[in-house]
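The values are calculated or read from the model by the stated rules, or taken from the named source; none is laboratory data. Please read all numbers here as calculations on a predicted model, not as lab measurements. Positions of Cβ are generated from backbone atoms using ideal geometry, with glycine treated the same way; all protein chains shown enter the neighbour counts. Note: accessible area is taken over every heavy atom of the protein model, side chains too, but ligands, DNA and RNA are not part of it. Shrake-Rupley method; radii C 1.70, N 1.55, O 1.52, S 1.80 Å.
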Amino acid sequence: MKKRFLALSALLLVLTSYADVRLPSIIGSHMVLKQKTKVKLWGWSAPGEKISIKSGWDTTTYQTTANRGARWELEISTPAAGGPYTLSLKGNNEIVLEDVMIGEVWLCGGQSNMEWSGSQSLAQSLEEAPNANNTSIRFFYVPKSTSAFPQDHIDGARWVVCNPKDMKAFSAIGYFFGKELHAKKGFPVGLINSNWGGTPAEVWTPADIVLNDPDLRAAADKLAPTPWWPHYRGEAYNAMIHPLTSFQLSGVLWYQGESNVTTHYGYRRLFTSMIDAWRKAWGKNFPFYFVQIAPYTYGDQHINGALLREAQTQTLALPGTGMVVVSDLVDNVKDIHPKLKKEVAARLANYALGELYGVSGISYKSPLYASHQVEKDKIRISFDHVPTTLVAKGGAPTDFYIAGADGAFVPATAKIEGKTVVVSSKQVKEPVHVRFGFTNTAMPNLFSAEGLPVNLFRTDK
């Protein structure tokens, strides 16, 4: 028995000593690595195995040793945007990654409006598909999956070069965003598609964040299970986000919130906590740009959608975040999936170009309520992010309401005066509060002269 045990131990030692170097799926041929920084490469091999890495863009040989858990990790420096390059990783075996590009990498997350693509018969994607051959745009599609515990690998995923077939199945917003960035800046763009229609933000948030906050936990407990998507805290984060947290990102694009309308009161805290948790997991305060949910009926709930949009607006207090307003990009308020995804992507791209990439001459922030002042029987509203003036399309400004001390809101007359709007009603002699666009389906006609819709607001909080 002792001899057999020793023989088996020796065999296991030999097998372990010559274990192949293995990589997570996010590190592979055709990938895009973020430019001009240090990026992590990692994988698995035999414990104590020496790993060396050589890149096609410099002469440095990077070396490390796998730990006793059979995992290794190191950082390598990347140059300015360019490629394609090869990347060689060698231990007991050698892996050569081909066609590696250096550029910018964005994660596209959220629920169905981020997921929507030609696979759901989106006309804009189907029209674009025949021309979607671009070797400077790369896709990484994360399959839908859940886990009770954080994972370190995504099965069934790989980087692909943009082509008509894969583009049709990829996030339309993600693709059009990447196309615009590449067109304006010229660098390669890597797009990671990790989203799931119908999902509330709780499933994308680490479970302990929700569990350790009584208010967030109470709101999460009100989410009803469905046969089509997960609802339990952390499930999608563990399987679809955590395995990516060592991969260097340029930023995140996010379109989600419709599934949290019934628990809007906790969304600001939840969303802010989720963003903070993601940044902590990556060890970087990357830009986080999100789309405000669009006008939609939401059954008989008169302002739940507006309250969720308000919560999203409040999230802008978190540094490094940005929001695009899309209240004018809706073709049917009874359809929760507006069809104009290309236009949404353009606003996200402009935000990144103007805020992160230093492109001048771009107006990318929607006007936001700043303050108000009572002037006898009128109220004057001032706004931030109005470069020149405000304009109303198709007549006088719509969707303004005014109230006195009794809180009874009535439709108001609104007049643009430069960068401000003066609101009044003959029914309210002593006005106190104003609301603008504060219903589920409001599609106001007030814009900056640069073409961006004014964000909803209320002064009666």
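Things to note:
- Contact annotation: residue pairs with Cβ atoms under 8 Å, 6 or more positions apart or on different chains, pairing a residue in the stretch 389-406 that is of a type in the set (Phe, Trp, Tyr) with a partner that is part of a strand (DSSP E or B) and open to solvent by 40 Å² or more (accessible area, probe 1.4 Å), are Phe400/Pro411; Phe400/Thr413; Phe400/Arg435; Tyr401/Pro411; Tyr401/Arg435.
- Among the numbered conditions (1) within 31 Å of the chain's Cα centre (by Cα); (2) without any contact (Cβ under 8 Å) to a residue 24 or more places away in the chain, the only one that Gly48 does not meet is (1).
- Annotation: of all residues in the stretch 30-47 being of a type outside the set (D, E, K, R) and open to solvent by 50 Å² or more (accessible area, probe 1.4 Å), the one that is nearest to Gln248 (Cα to Cα) is His30.
- Residues (aliphatic (A, V, I, L, M), open to solvent by less than 40 Å² (accessible area, probe 1.4 Å) and in contact with a Leu (Cβ under 9 Å, 6 or more places away or on another chain)) located in the stretch 316-338: Met323, Val324, Val325, Val326, Leu329, Val330
- Cβ-Cβ under 8 Å pairs, at least 6 apart or on other chains, the stretch 58-70 side within 17 Å of Leu23 (Cβ to Cβ) and β-branched (Val, Ile, Thr), far side open to solvent by less than 70 Å² (accessible area, probe 1.4 Å) and modelled with pLDDT of 95 or more: Thr64/Ile51; Thr64/Trp72; Thr64/Leu74; Thr65/Gly48; Thr65/Glu49; Thr65/Ile51; Thr65/Trp72
- Count of the stretch 308-331 residues, restricted to those that are modelled with pLDDT of 95 or more and in a loop (DSSP other than H, G, I, E, B), is 9.
- Residues in the stretch 358-379 that are buried (at least 16 other Cβ atoms within 10 Å of the Cβ), of a type outside the set (A, V, I, L, M) and in contact with an Asp or Glu (Cβ under 9 Å, 6 or more places away or on another chain): 5 in all.
- Residue that is nearest to Ser29 (Cα to Cα), among those in the stretch 77-98 that are aliphatic (A, V, I, L, M) and surrounded by fewer than 18 Cβ atoms within 10 Å (Cβ to Cβ): Val96
- Qualifying residue in the stretch 230-244 (condition: in contact (Cβ under 8 Å) with a residue 12 or more places away in the chain, surrounded by fewer than 24 Cβ atoms within 10 Å (Cβ to Cβ) and under 21 Å from Gly305 (Cα atoms)): yes
- The stretch 162-187 residues that are in contact (Cβ under 8 Å) with a residue 24 or more places away in the chain and over 18 Å from Asp99 (Cβ atoms), paired with ones that are hydroxyl-bearing (Ser, Thr, Tyr) and in a helix (DSSP H, G or I) (beta carbon under 6 Å, 6 or more apart): Lys168/Ser125; Ala169/Ser119; Ala172/Ser125
- Some residue of the stretch 107-128 being more than 26 Å from Ile293 (Cβ to Cβ), open to solvent by less than 70 Å² (accessible area, probe 1.4 Å), touching a Gly at 6+ places or on another chain (Cβ under 9 Å) and assigned to a strand (DSSP E or B): no
- Residue in the stretch 175-196 that is in contact with an Asp or Glu (Cβ under 8 Å, 6 or more places away or on another chain), within 24 Å of Pro143 (Cβ to Cβ), in a helix (DSSP H, G or I) and not aromatic (Phe, Trp, Tyr) present: no
- Of all the listed residues (Thr146, Thr135), the sole one being open to solvent by 50 Å² or more (accessible area, probe 1.4 Å), in contact with a strand residue (DSSP E or B) (Cβ under 6 Å, 6 or more places away or on another chain) and outside any helix (DSSP H, G or I) is Thr135.
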